[in-house]
Amino acid sequence: MIVPPALKKGDKIRIVSPAGKVKEKYVLPAVDWLRKQGYRVELGNHVFTTHYQFAGTDHQRLEDLQTALDDPETSAIICSRGGYGTVRIISKLNYDRLLKNPKWVVGFSDITILHTCLNSQGIATIHGAMPRYFFEKNGQPNENLKSLMQLLTGGSASYNIPAAKGDHHGKTTAELVGGNLSIVSSMQGTSCELNTDGKILFLEDIDEYLYHTDRMIHQLKLSGKLDNLAGLVLGNFTDMKDNESPFGKTVHEIIAEAVDEYDYPVCYDFPAGHNGKNLALLFGKKWELEVTEKQSQLKLL
């Protein structure tokens, strides 16, 4: 796995919008903060462009992302937001120059498509907060931003969370992969399909119907994606919806039922995803996952 160099003062960070449209007020405070930390920050030409629900046309979004991937002076690419749209441009990306000059790609939600595709290219990425979610209400950096910068600058990470109902106790060491459940599921059968064998799989989601969540989990199970995991980490499942006729199970119960037969460690309620607290995770490197009666610990090795 290719791990991009640690970020240092004076390095260039590009911000691009490969998916949904975004307002300046959600991005510019992050630009100011990063510049005050000593980084050069450059915005893609179409970061604030709007084309219906997208941040510009497919061509404009592709152009910004490809330019960022190709730029040898860029050390990190932070996506402005998720939403929807990355899938419309992913097949046209070229990774040749990125492989010669690796750089960090940061984001979550729809950006999971980039995580999965870059993982298949052998490049490590960071599942972490995007500019709108960098600060407390008083404007101070929050834990999301602190954990992201810790990983970007080559620091370590060790997260401890309280034990949760349904945890499977155990200890494992493996590469961490994953992201948004809907995106991971939708990549099945494509060139960006995620290889989960021997990996610790992280999943989160937002605004999905419970029956759809059940279908996606069973799709992963039927395709063998859950069979040979080293471990499973479940993040935030936010604003999940039920039908008028109740599905009858919570998200927790849906997943617990699907993975009950496996003996690898399973950690529930990890603070990453769409529910405010979104601790940064480095995909493509080895982590140690230990789940006990008292707590779960996820530690970057």
Kindly indicate whether I90 is under 19 Å from the mean Cα position of the chain (by Cα), modelled with pLDDT of 95 or more and within 30 Å of K9 (Cβ to Cβ).
-> no
Residues of the range 236-268 being in contact (Cβ under 8 Å) with a residue 12 or more places away in the chain and in a loop (DSSP other than H, G, I, E, B), in sequence order, are D239, M240, D242, N243, F247, K249, T250, Y262, D263, Y264, P265, Y268
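Select, from K165, K171, the only residue that is modelled with pLDDT of 95 or more and of a type in the set (K, R). Don't jump to the end; show me each part of the working.
On the way: K165 fails: modelled with pLDDT of 95 or more.
The match here is K171.
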For K137, are the conditions met, namely being assigned to a helix (DSSP H, G or I), free of Cβ contacts under 8 Å to residues at least 40 places away in the same chain and out of contact with any His (no Cβ under 7 Å at 6 or more places or on another chain)?
-> no
Within the range 9-33, restricting attention to residues that are out of contact with any Phe, Trp or Tyr (no Cβ under 9 Å at 6 or more places or on another chain) and farther than 13 Å from G82 by Cα, which residue is surrounded by the fewest Cβ atoms within 10 Å (Cβ to Cβ)?
-> K25
When only residues in the range 161-188 that are in contact with an Asp or Glu (Cβ under 7 Å, 6 or more places away or on another chain) and among the polar types (S, T, N, Q) count, which is surrounded by the fewest Cβ atoms within 10 Å (Cβ to Cβ)?
-> T173
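Give me a count of the residues in the range 277-296 that are part of a loop (DSSP other than H, G, I, E, B) and either charged (D, E, K, R) or without any contact (Cβ under 8 Å) to a residue 12 or more places away in the chain (or both). Reasoning before the result, please.
So the first thing to find is which residues in the range 277-296 are part of a loop (DSSP other than H, G, I, E, B), and the list is 277-280, 284-285, 292-294.
Filter once more, so that each one left must be either charged (D, E, K, R) or without any contact (Cβ under 8 Å) to a residue 12 or more places away in the chain (or both): 277, 285, 293-294.
Number satisfying all stated conditions: 4.
Considering the range 108-137 alone, what residues qualify as being within 18 Å of M149 (Cβ to Cβ) and out of contact with any helix residue (DSSP H, G or I) (no Cβ under 7 Å at 6 or more places or on another chain)? Even if it seems obvious, please write down each step before you answer.
First, pick out the residues of the range 108-137 that are within 18 Å of M149 (Cβ to Cβ): 108, 111, 124-136.
Answer for the range 108-137, where residues must be within 18 Å of M149 (Cβ to Cβ) and out of contact with any helix residue (DSSP H, G or I) (no Cβ under 7 Å at 6 or more places or on another chain): F108, A124, M130, E136.
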Test: L176 is in a helix (DSSP H, G or I) and touching a strand residue (DSSP E or B) at 6+ places or on another chain (Cβ under 8 Å) | no
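Examine the range 97-105 for a residue that is part of a helix (DSSP H, G or I), within 22 Å of G284 (Cα to Cα), without any contact (Cβ under 8 Å) to a residue 40 or more places away in the chain and hydrophobic (A, V, I, L, M, F, W, C), and state whether such a residue exists. Quick ask: steps written out before the conclusion?
So the first thing to find is which residues in the range 97-105 are part of a helix (DSSP H, G or I), and the list is 97-100.
Add one more test, that the residue is within 22 Å of G284 (Cα to Cα), and what stays is 97-100.
Going one step further and asking which of them are without any contact (Cβ under 8 Å) to a residue 40 or more places away in the chain, we end up with 97-98, 100.
Right, trim to hydrophobic (A, V, I, L, M, F, W, C) and you get 98.
The answer is yes; a qualifying residue exists.
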When (1) touching a residue at least 60 places away in the same chain (Cβ under 8 Å); (2) surrounded by 15 or more Cβ atoms within 10 Å (Cβ to Cβ) are applied to S191, the one that fails is (2)
Please list, ordered by first then second residue, the pairs with beta carbon atoms under 8 Å, 6 or more apart or interchain, first in the range 27-55 and under 21 Å from K137 (Cβ atoms), second part of a strand (DSSP E or B) and among the β-branched types (V, I, T).
-> V27/I15; A30/I15; A30/I78; V31/I15; V31/V41; L34/I13; L34/V41
Evaluate the following for E204: is it surrounded by 16 or more Cβ atoms within 10 Å (Cβ to Cβ) and of a type in the set (D, E)?
-> yes
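State all residues of the range 106-133 that are in contact with a Lys or Arg (Cβ under 7 Å, 6 or more places away or on another chain) and more than 12 Å from L282 (Cβ to Cβ); if no residue qualifies, say none. Walk me through it before giving the result.
In the first step, residues of the range 106-133 are kept if they are in contact with a Lys or Arg (Cβ under 7 Å, 6 or more places away or on another chain); the result is 124, 130, 132.
Selection gives M130, R132.
The values are calculated or read from the model by the stated rules, or taken from the named source; none is laboratory data. Just so we're clear, the structure is a prediction, and the values are computed from it rather than from any experiment. Heads up, the Cβs are rebuilt from the backbone with ideal geometry, glycines too, and the neighbour counts pull from every protein chain shown.
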